[in-house]
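To keep things clear, I will list the structure first and then write my remarks on it.
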Amino acid sequence: MTDIVARARRSDGQVVRVHPDGREEILPKHPMRPMTDEEVHAAALSDPDAQPLTPERLAHMKRVPQVRTIRRVLGLSQEEFAARFHIPLGTLRDWEQGRKEPDAAARAYLRVIGRNPTAVAEALRAVPPG
């Protein structure tokens, strides 16, 4: 059975190898060799997990508003956001946790909330009878 050795960065910036017995071995610094712009570009393109988005690939992607980001920018809890904008709490949680995606109407509504949350909240307030 092989012992597992981990690499870690200490708070002082040193990179160390941590042995199973807890002993730390400081690893030597290996400065990166300078690369030309062409070499950097070639290296990036050779990474299959980091391919650039072409206009064709971008056109096929769905643009879904990031409801969690909108909510956090507004400084609201899930409960507060759901209540203020009349969204069922379970639905909001499903969207945020990726279990479901908002439909087209909900995406449009979320886009409006993101752009002008005060106007949406005012429009949703009950108008007193009269």
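The values are calculated or read from the model by the stated rules, or taken from the named source; none is laboratory data. What you are looking at is a predicted structure, and each value in this text was computed from that prediction instead of being measured. Here the Cβ positions follow ideal geometry from the backbone for every residue, glycine too, while neighbour counts run over all protein chains shown.
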Taking the stretch 54-98 and keeping only residues that are out of contact with any Asp or Glu (no Cβ under 8 Å at 6 or more places or on another chain), exposed (fewer than 10 other Cβ atoms within 10 Å of the Cβ) and either aliphatic (A, V, I, L, M) or at negative phi (or both), one is left with Thr54, Pro55, Glu56, Ala59, His60, Met61, Arg63, Pro88, Gln97
Here is a check on your reading of the model: is Ile4 at pLDDT below 85, hydrophobic (A, V, I, L, M, F, W, C) and either part of a loop (DSSP other than H, G, I, E, B) or in contact with a Gly (Cβ under 8 Å, 6 or more places away or on another chain) (or both)?
yes
Note on Thr69: of the conditions (1) out of contact with any helix residue (DSSP H, G or I) (no Cβ under 9 Å at 6 or more places or on another chain); (2) at pLDDT 90 or above; (3) polar (S, T, N, Q), unmet is (1)
Among the residues of the stretch 83-101, the number that are polar (S, T, N, Q) and either in a helix (DSSP H, G or I) or within 21 Å of Val120 (Cα to Cα) (or both) is 1
Exercise. Restricting attention to the stretch 36-44, does a residue exist that is of a type outside the set (A, V, I, L, M, F, W, C) and not in a helix (DSSP H, G or I)?
Worked result: yes
